[in-house]
Amino acid sequence: MPIEINHSRCIQCIGCASVCPVGAIELIGLRMVFHPEKCISCGACAKACPANAIKFFPKGEDK
Amino acid sequence: MKTDYDVIIVGAGPTGATLSRVLAQNGLEVMVFDKRKELGEPVRCGEGLGAREVVAQGIDLPKPCISTDIHGAKVIAPDGSSIVWKDKETTGWVLERKIFDKWLMEQAVHKGARVQSYTRVIDLVKNGGKISGVSVSHADHEPYEVSAPLVISAEGMESTLARKAGIRATSTLYDVDTCYQYEMQEYDHENLIELYFGNEVAPRGYVWIFPKADKKANVGIGIGAHLETGEKEGGIRGATPKEYLDKFIESHAQLKDASKLQDFGGIISVGAPIDSFVKDNFMVVGTAARQVDPIHGGGIALSMEAGVIAANTILKAHKAKDYSASLLKEYENTWRAGPGKKVAKRLLLRKVMESTSDEDFNYIFKTITEQDLNDVMAGKFAGPVAKVVAGRPQLLGNLKALVS
């Protein structure tokens, strides 16, 4: 997984979804949901997240 | 259950509420879907609203929607000097957004519009290649289809549907500010919004204090989301608005001992509107189209204004039974020739501010008057620029973009 969302830190501001160029994150119900199959590992979501709730693993280093 | 309408609107914020109110008032059958469990929640903004648009639309805001009256904005330079900006834009209110959003939508329902909360739009439905409706899921239950000859994205920053319609609606990191905000208490204020600028305080952004009732205030920050101001989870560098905000509060005589009642955050657009607002049978209106002020990131008034402009075009399209892009384009042209012009000037100003050092910012603030600041915000740059450049000619290189 290129990213890991820390749901206890997340404030559902949808900032990550607004800057994701491929629509790989969306708010469903009361939770941000990540679609790994769409992710291009650009890190924009993690860089922009105001709550520092997204842990980003650069390509090749993901677990 | 009724599953066909004249217009489907996605998003029940100020844009969707305004659009659906005007359309329903004129006899159209309108359905509004919102994915939130309760309209108005969660609040993601400073909650400021200028009175101009509310007055223009003849809306009588009831008391519970308003937290406090605002009489102007105090703009504070990096060295602490300040100028008060007072005009039609800064006379208004700090809202209770939670109550306001819901109330505004209720006004549309009174006129005959329908709204359904906790309903996620899964996809666009197409018929013979043409957009003919949406598939939705209510409370995560079995999806079903709803049809209409016109689907409108009024979804705000996320703009999922606009992307599905093939409109480029993603913001780059450079075009947005990433924001963190607290609702705080107690804060003595003078019914002025306070805006603090400076690269130390808020790189490529600002700190705001929006006063609220009962000595409360929304204290927030937006900084350029492209900036790598600190280390983030996983070790990469990125923007860290919360760290800057906490630092600001620590250094603020009154706020450092104040309490925090709520945390919120978000992303605001400070870039240009998207390239295209319409497609056949499809429109993007409000913040989803990045119809947002690039200086302060405010979107409520612009969204309400765009809602009326879009509604006027839709009424014509409905009458002609023609929802082609060529007819819907009238809305886009009207917006770009009207509010779009002001937004374009504000974007120019934002880019100039971005390349102005703290020291130059301080100098500009010592040189210009309240009237000059009002002129600048009204897009009349020539006078104030001439004054600043007369005393500091080296600033011409930076400021000439405003007057050429």
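We did not get these values from a lab; they are worked out from the coordinates using the rules stated. Predicted model, so just to flag it, every value in this text is computed and none were measured. Backbone-built Cβ (ideal geometry, glycine too); neighbour counts: all protein chains shown.
For segment B:42-95, the alpha-carbon coordinates run over 40, 27, 15 Å along the three principal axes, in decreasing order. The per residue volume of the convex hull around the alpha-carbon atoms of segment B:1-149 is 151 Å³.
Of the residues B:Ala311, B:Ala217, B:Ala162, the one whose Cα sits farthest toward the positive end of the charge dipole of chain B, with +1 on the Cβ of Lys and Arg and -1 on the Cβ of Asp and Glu, is B:Ala311. Counting only DSSP H runs of at least 4 residues, each contributing -39500 (n - 2.57), and dividing by the residue count of chain B, the helix-based mean residue ellipticity at 222 nm comes to -9500 deg cm²/dmol. Relative protection proxy for B:233-241, B:195-203, from highest mean packing down: B:233-241, B:195-203 (other beta-carbon atoms within 10 angstrom).
For the segment B:233-244, counting C-beta atoms of other chains within 10 Å of every residue's C-beta and taking the mean gives 6. Each peptide in B:142-155, B:321-334 receives the mean, over its residues, of other Cβ atoms within 10 Å, and ordering these scores from highest gives B:142-155, B:321-334.
Within the P(r) computed for segment B:139-180, what percentage of the Cα pairs occupies the region above 12 Å?
On the way: 626 of 861 pairs.
Beyond 12 Å sits 73 percent of the P(r) for segment B:139-180.
Largest first, the three principal axis extents of the alpha carbons in segment B:173-269 are 40, 23, 21 Å in whole numbers. Note that segment B:242-325 carries a Kirkwood radius of 16.0 Å, evaluated over its alpha carbons pair by pair.
Please compute the Kirkwood hydrodynamic radius of segment A:3-56 from all pairs of different C-alpha atoms, in Å with one decimal.
Working: mean 1/r = 0.0928 Å⁻¹.
Evaluated on segment A:3-56, it is 10.8 Å.
Short-range pairs are left out: with C-alpha atoms under 8 Å and at least six residues apart, the relative contact order of chain B is 18 percent. Taking every alpha-carbon pair within chain B, the share separated by more than 39 Å comes to 19 percent.
Comparing A:Ile14, A:Ile28, A:Ile40 in a Gaussian network model of chain A (Cα springs below 10 Å), the most mobile by mean-square fluctuation is A:Ile28. With all pairs of different C-alpha atoms in the average, the Kirkwood value for the hydrodynamic radius of the protein assembly as shown is 22.8 Å. Its convex hull of Cα atoms gives segment B:59-131 a direction-averaged projected area, equal to a quarter of the hull surface, of 9.8 nm².
Taking only the alpha carbons of segment B:1-46, we obtain Rg and Dmax values of 11.8, 38 Å in that order.
Counts of other chain beta carbons within 10 angstrom of each beta carbon in peptide B:148-157 average 1.
The mean number of Cβ atoms from other chains found within 10 Å of a Cβ in peptide A:16-28 is 5, as a whole number. Given springs between every Cα pair under 10 Å in a Gaussian network model of chain B, which of B:Leu104, B:Leu302, B:Leu255 has the largest fluctuation? Most flexible of the set in this elastic network: B:Leu255.
Compactness ratio of segment B:152-201: Cα Rg over 2.2 N^0.38 Å, N = residue count?
Numbers: Rg = 17.2 Å, N = 50, 2.2 N^0.38 = 9.7 Å.
Compactness ratio reported: 1.77.
Both the radius of gyration and Dmax for segment B:346-402 are 10.1, 25 Å, in that order, over alpha-carbon atoms.
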